[in-house]
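Laboratory data are not the source of any read-out in this text; all were calculated from the coordinates shown. Computed from a prediction, not measured in an experiment: that's the story for all the values here. Heads up, the Cβs are rebuilt from the backbone with ideal geometry, glycines too, and the neighbour counts pull from every protein chain shown.
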Ligand code: HEC
Ligand code: HEC
Ligand code: HEC
Ligand code: HEC
Ligand code: HEC
C-alpha cells in the first residue's frame, strides 16, 4: 500500500476514536439530546418487518411500560428519592437503561406509561443502533455513547439502505455492548447486576460465544424487505419472561445411596443440577427479585407424599439459601411510608427447600429487593455457567412406612419475583408465577 493511503486510513481510525472519546457516556448523557433526534420504531418497521415484530414481543420494547417496572420505579424508587434526595441521581438513572431516550432528553421523571409519551419506546431500535462506543474498564450503568442521525450502526460492513446510511462497528458482536445495560452498580458501589461479568468469568467468553449467539441467534432470511438473503440476527432477546428459554436451563438427575432398604433404614438421595444452557449464572440479571428452588418429595407404596428438606452444607450465609419462615424486605416501608414496617415473608417457598440465589442487603443489613438501596451482598449460591451443584437429602424412613416401592421426585422451580413481595406490592400474577425448569425421578424398595 502507498504510504499516503496508509496515512489516510490511519487518520480515519484516529478520527473515529477521537469522535467516540468526545461523546458523553453514562450519567453525563443526561439532557444531551432531544427526542426528535431519534426515529420511532414504526419508521423502521416498514422495511425491517420481522425484526420489528421480534423486538415488539421482547421485553426490550416494554422496559419502561411493563407493569412490574412501572410499580417498582414509581411506587418504590421515585418515592424513596423523594424521602431521601441522595437517591435522586441513581433513581433518575433507572431511565438510563430502561428508557435511554427519555434520559438523554432530560425527561426525568418521565410521564407514567398511561400518558403515552415517547418514553414508552423503551429500549428502541434507535437507542441500540445509535450506540457508537462505551467508556471505562468494565461496561456498566449505561456507559455507552450515542450518536443519533442518518447513520445506523450495526455489525455488517457495506450495507446499503434507501432510508439511512450504515456503518459497521465490531462492538455489535461483543458482549460488552450488552454489558452497558446488563451490569449495574448501586450508589454504594455494589454490583447489583453482573450478567456480562459472570459471562466474562465463565467458559463461554473463552470460546467466543457472546450474548448475541444465544439471545440473537442467526438464521437465513432477509433483514429488510429489499435485502439479499443472508444470515440474519434474530432480535429475540428471550429471557426470564419466556418459559421456553427457561425450560431445561438446568438439567437434573438423582439417585439413592442404596436401592433396597429395611423399613427402619435411612436413605441418602443425591441430586445433580447442571447449568447446561445459560451463558451466565442461573438466576442472573435482577437477582434481588429472582429465585430458583429445589423441591424433593417421596411417594410411598400407599401413595402418601412426604416432603424432604435439603441437607445443610454448613457454609457461611447458608440460612439464606434454605426456605424459612422469616420476614425480610423491611426497607420497602420507607417509600411506602409505613413506620416500623415488619416486612413480608422472605421466600414464599416450602420450608426446607434449597434456594439458588444471592441475597442483597440494605445499609441496615436487612434483605432487600431495592437494588439501588443495596450496600452489601450475601452468599452467592447460584449455579454458574456449566457448573454442576450436588444437593443431598438424608431421610430416615418414617416409622409407618409401608413395604414396597418409594418413588422420589426432584423439581426445580423458578420465580421472577418472590411471591410475598409481588403480593404486597400488587404486582400482577404473571410476574410471580411458578415456572418449572426441570425434574428427575428415582426409587427405592423398602422391605420388612
Ligand atoms: C426504506 C427501507 C428502510 C427503512 C425505513 C429502514 N431501513 Fe434499515 N436497512 C434497510 C436496508 C435495505 C438495509 C441493508 C440490508 C442489507 O443489505 O442486508 C438496512 C440495514 C440496516 C441495519 C444494518 C446495518 C449494519 O451495518 O449491519 C441497521 C442497524 C438498520 N438498517 C437500522 C434501521 C433502523 C434503526 C431504522 C429505523 C430508524 C431503519 N433501519 C429503517 C432499509 C431500511
Ligand atoms: C450459552 C447461551 C447463553 C449466553 C452466551 C448468554 N445467555 Fe443469557 N440466557 C441464556 C438462557 C438459557 C437463559 C434462561 C435461563 C436464565 O434465566 O438464566 C438466559 C437468560 C438471560 C436473561 C434473563 C435473566 C433474568 O433473570 O431475567 C438475561 C437478561 C440474559 N440472559 C442476558 C444475557 C447477556 C447480557 C449475555 C452476555 C453477557 C448472555 N445473556 C449470554 C443463555 C445464554
Ligand atoms: C438491545 C439492542 C438492540 C435493539 C433494541 C435492536 N437492535 Fe438491531 N441489532 C442489535 C445488534 C447487537 C445487532 C448485531 C447482532 C449480531 O450481528 O450479532 C443488530 C442487528 C440488526 C440488523 C442487521 C441484522 C443482520 O444480521 O442482518 C438490523 C437490520 C437491525 N438490527 C435493525 C433493528 C431494528 C429495525 C430494530 C427495532 C425494531 C432493532 N434492530 C432493535 C441490537 C439491537
Ligand atoms: C440500552 C440498554 C440495553 C442494552 C444495550 C441491552 N439491553 Fe437487554 N435489556 C435492557 C433492559 C432495561 C431490559 C429489561 C426489560 C424489562 O424491564 O423487563 C432488558 C432485557 C433483556 C432480556 C430479557 C430478560 C427477561 O427478563 O426476559 C434479554 C434476554 C436481554 N435484555 C439481552 C440483551 C442482549 C443479548 C443485549 C446485547 C446484544 C442487550 N440485552 C443489550 C436494556 C438493554
Ligand atoms: C445499568 C442498567 C440498568 C439500570 C441503571 C436499572 N436497570 Fe432495571 N433492569 C436492567 C436490565 C438489563 C434488566 C433485565 C434483567 C433481567 O432480566 O434479569 C432490568 C430489570 C428490571 C426489573 C425487572 C423487570 C421484570 O419484568 O422482571 C425492574 C422492576 C427494574 N429493572 C427496575 C429498575 C429500577 C426501579 C431502576 C432504578 C432504581 C433500575 N431498574 C435501574 C437494567 C437496568
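In summary, the range 152-246 shows an alpha-carbon radius of gyration equal to 1.28 times the 2.2 N^0.38 Å reference for compact globular proteins. Protection proxy ranking, highest mean first, for peptides 94-104, 68-78, 164-174: 94-104, 68-78, 164-174, where packing is the per-residue count of other beta-carbon atoms within 10 Å, averaged. Remark: spin-label model distance residue 191-residue 88 equals 3.2 nm, labels positioned 7 Å along the Cα→Cβ axis. Between the alpha-carbon centres of the range 133-196 and the range 381-448 there is a gap of 39 Å.
Per residue Cα convex hull volume for the range 155-196, in cubic angstrom?
Values: hull volume 3.5 nm³, N = 42.
Once divided by residue count, the hull of the range 155-196 is 84 Å³.
Suppose only helical runs count, i.e. DSSP H with n ≥ 4. What mean residue ellipticity at 222 nm does that imply for the chain under -39500 (n - 2.57) per run, divided by all residues and rounded to the nearest 500 deg cm²/dmol? So the calculated ellipticity at 222 nm is -5500 deg cm²/dmol.
Label zone (residue 435, point 7 Å along Cα-to-C-beta; backbone nitrogen cut-off 18 Å) within the range 369-411: 382-386, 411.
Remark: spin-label model distance residue 35-residue 114 equals 1.9 nm, labels positioned 7 Å along the Cα→Cβ axis.
Highest mobility in the GNM of the chain, judged by mean-square fluctuation with C-alpha springs under 10 Å and restricted to 92, 423, 264, is found for 264. Most tightly packed first, judged by the mean number of other beta-carbon atoms within 10 Å of their residues, the peptides 53-65, 350-362 read 350-362, 53-65.
Counting only Cα atoms, I'd like the Rg/Rh figure for the range 243-447, Kirkwood definition for Rh.
Values: Rg = 18.5 Å, Rh = 18.2 Å.
We get a ratio of 1.02 for the range 243-447.
Can you order the peptides 430-438, 334-342, 290-298 by their average number of other Cβ atoms within 10 Å per residue, highest first? Spell out each step's value before the answer.
Details: 430-438: 16.6, 334-342: 12.3, 290-298: 22.0.
Sorting 430-438, 334-342, 290-298 by mean packing, highest first, produces 290-298, 430-438, 334-342.
Rounded to the nearest 0.05, what FRET efficiency is calculated for residue 75 and residue 28 with R0 set to 35 Å and r the Cβ-Cβ distance?
Details: r = 29 Å, r/R0 = 0.82.
Approximately 0.75, to the nearest 0.05.
What FRET efficiency do you get for residue 405 and residue 42 if R0 is 45 Å and r is their Cβ-Cβ distance, rounded to the nearest 0.05?
On the way: r = 61 Å, r/R0 = 1.35.
Efficiency for this residue pair is about 0.15.
Modelled label positions at residue 135 and residue 229, each set 7 Å beyond Cα in the direction of Cβ, lie 4.6 nm from each other.
Computed from Cα atoms, the angle from the helix 3-22 axis to the main principal axis of the chain rounds to 60 degrees.
So how much slack lies between residue 276 and residue 396, counting 0.36 nm per residue of separation and subtracting their Cα-Cα distance, in nm?
40.0 nm
Global dimensions of the chain from alpha-carbon coordinates: Rg and Dmax equal 25.2, 93 Å. Here the range 329-376 and the range 37-103 have alpha carbon centers that stand 24 Å from each other. Taking the range 237-256 and a reference point 7 angstrom along Cα→Cβ of residue 56, the backbone N atoms nearer than 18 Å belong to 237-238. Let's test the formula: R0 of 41 Å, r as the Cβ-Cβ distance of residue 67 and residue 443. What FRET efficiency results, to the nearest 0.05? Calculated value: 0.40. Using every Cα-Cα pair within the range 19-233, state what percent have a distance larger than 33 Å. Tail of the P(r) past 33 Å holds 14 percent of the pairs.
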